[in-house]
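The next block holds one structure in the form of structure tokens; read it before the comments.
Each reported figure results from applying straightforward, stated rules to the coordinates on display, with no laboratory input. A quick note: this is a predicted structure, and the numbers were derived from the prediction, not measured. Cβ atoms come from the backbone with ideal geometry, glycine included; neighbour counts cover every protein chain shown.
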Amino acid sequence: MMLAALVAAGPLIVRGPAHGSDLGFHLVSWMEAQRSMTMGMLYPHWTNSPNFGAGEPRFVFYPPLSWMAGALLGLFLPWGAAAVAMIVTLLAATGLTTRKLALDAMNDGAATLAGCTAIFLGYPLFSAYKRCAFAEMAAGACIPLLLMYALRRQNRAGKFWREVFDGSATPLALVMAGIWLCNGPAGLMAVYLLGAVALVSSVVERSFVPVARAAISTAVGWMLASVYLLPAMWERKWASFGYATSLSHFTIENSWLFANHDTDPTMLAHDILLRRVSWLAVVMVAVTLSSCAICWWRGGMPGKARWWIPLALIAPVVMLLLVPVSEPVWKLAPSLRLLQFPWRWLVVLEPPMAVFLAAAVWAENRKARVAAGTACGVLFLALALKANADWFEDSSEAIATTEQMIQRGMGTVGKPEYAPAGVQMAMVDRMVHGACLLDADSDNSAQNGGAPAWDGEAKDCNSNYQALTFQPEEKHFTGTADHAGFLILRLRYYPAWKLTLNGRPVNAVMERERGFIAVPVAAGPVRVDAEWTTTRDVIVARWMGAAALVLITMLLVLERRLRRGQL
């Protein structure tokens with residue numbers, strides 16, 4: 001699997017990472033996380049550089065495993081090499097977990113072919129070369145394990161609870177937690193996927209065991225991931241998350257298979273990407289269904305009916321979710337629209353496609369196996385080279401520019417969904433002064449105690465202020481105010497910031513235009529301190545995570561004792 005991953009990523013190893021659509025976002029996260037970690041903040045929340053230095057609460061809302069791993073890789077490798085190392089690792093993990101799933105129904109050789117198929121054929125190469133979607137790739141590598149433990153039945157002769165806790169509930173909960181901690185959309189898909197697989201398995205087996213185990217594992221997995229999940233869900237009201245599903249590029253209705261928007265030039269890049277991924281989806285569904293048909297015709301479906309039937313149903317369901325007829329499902333299913341793109345479901349289709357294709361081409365005859373393996377090897381190599389030819393864009397200049405902008409304090413662009421709730425401009429459009437004193441006049445609503453508005457122009461500043469400290473979660477500003485007014489900080493408003501004015505707590509407001517923190521000050525010396533605080537939801541999440549660790553330990557002990565016959 002590692003050799004297959006090295007071959008798949010061979011062009012990237014030689015040329016560096018592709019300039020995928022998500023590469024810049026992840027690199028900024030890695031660099032910012034590394035800076036915070038080296039300063040002692042093992043789980044940072046605020047990123048300094050987005051919005052040209054005004055920052056955003058990115059680490060509150062984005063799952064931690066990918067940006068933590070990227071930050072650690074950046075300690076030992078240049079950033080470009082770190083991105084390539086991440087891709088190779090995730091491709092290998094995808095192959096290994098798919099092989100593990102296939103081993104429950106196939107021999108070693110066929111399972112290995114399934115793992116290689118998962119690396120080369122379909123979504124992983126698209127993610128590696130065109131998107132650089134590291135978090136989604138990490139979650140995708142966990143999906144085969146989710147299916148494996150959901151479909152596995154190791155104890156079918158005992159009582160109901162012995163069958164539920166047969167050794168699969170604990171790892172299933174850990175896998176569910178891992179998916180949530182890798183990628184939010186993948187976490188949503190995992191919940192729906194596990195529920196659907198459990199329901200189908202219950203019908204096929206005429207047993208409620210799969211549903212009970214899925215429900216328990218989902219609940220425990222959510223608790224394990226609550227350190228991230230609970231604050232991310234609770235604090236969404238403090239951000240502008242409507243942008244994540246309302247912008248035209250991110251609405252489900254604009255991303256059906258082969259949709260195009262010729263009359264809207266702003267959608268050109270979106271439509272080009274959609275056309276490519278649409279063909280990819282058609283190929284993946286066709287390969288899966290045709291492989292199932294071949295296996296059925298040969299009388300060699302992998303595994304027992306309770307194992308392969310849920311897997312085989314994934315392809316037609318995914319295809320249904322990619323076309324407009326499924327629009328009511330997207331509207332009615334809770335939070336499903338947060339996926340933004342229907343084609344994200346292809347990450348779920350990858351394991352069954354690989355398993356059924358391997359089962360279809362694998363033969364008992366040794367010569368036939370060698371011929372099939374050789375043909376697959378040639379096909380896989382051709383696919384890697386075609387992905388490089390069609391999707392690769394050089395990223396060296398973009399990586400160097402991003403690193404320089406962060407090191408020099410110039411900052412980078414932000415994400416609109418992380419903007420303060422109610423702000424007029426979702427993203428700060430340029431770098432502004434560290435702090436600016438505005439007149440307390442009627443235009444700034446000072447007479448009514450309301451929020452001021454500042455267009456960001458330096459000519460509006462009446463006094464000069466200096467940022468003494470501008471660390472990720474600690475800011476200090478000092479200067480002298482020649483009159484009363486609002487001190488506008490180059491720092492975006494967020495309720496977790498605790499502010500003091502000359503050593504005393506002060507209630508800040510949000511500047512209306514770009515969402516900066518606005519502090520009302522009187523004439524005279526001014527020192528404003530801003531420190532990130534631990535909010536109540538974070539405290540509750542930590543206690544819930546601690547309780548989950550105790551619960552998962554008890555669940556592990558229970559399953560082991562049940563399997564050994566000690567209970």
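Please state the shape class of segment 1-102: rounded when a/c is under 1.5, otherwise prolate if a/b exceeds b/c and oblate if not, all from the C-alpha gyration tensor. Because a/c hits 1.5 or more and a/b exceeds b/c, segment 1-102 counts as prolate.
Against the main long axis of the alpha-carbon atoms of the chain, helix 209-224 sits at an angle near 30°.
(i) 1.00; (ii) 1.02; (iii) 1.08: which one is Rg/Rh (Cα atoms, Kirkwood Rh) as calculated from this entry? Label of the calculated value: (ii). Of the residues LYS475, LYS100, LYS237, the one with the fewest other Cβ atoms within 10 Å heads the list, and the complete ranking is LYS237, LYS100, LYS475. Cysteine residues of the chain whose Cβ has no partner cysteine Cβ closer than 4.7 Å: CYS116, CYS132, CYS142, CYS182, CYS292, CYS295, CYS376. The distance separating the Cα centre of segment 275-335 from that of segment 39-85 comes to 36 Å. Loop sites here are GluC sites (Glu not before Pro) outside DSSP states H, G, I, E and B with no more than 10 other Cβ atoms within 10 Å. The longest part of the chain free of them is 1-363.
Determine how many Å³ per residue the convex hull of the Cα atoms of segment 233-369 encloses. Show your work: numbers first, answer last.
Working: hull volume 21.0 nm³, N = 137.
Looking at segment 233-369, the number lands at 153 Å³ per residue.
From the helices alone, meaning DSSP H stretches of at least four residues, give me the mean residue ellipticity at 222 nm for the chain, per-run term -39500 (n - 2.57), in deg cm²/dmol to the nearest 500. Calculated mean residue ellipticity at 222 nm is -17500 deg cm²/dmol. Between the helical axis of 108-120 and the dominant principal axis of the chain, each derived from Cα atoms, what acute angle in degrees is found, rounded to the nearest 10? With both axes taken from Cα atoms, the answer is about 40 degrees. By other beta-carbon atoms within 10 Å, ranking MET39, MET176, MET106 with the fewest at the front produces MET39, MET106, MET176.
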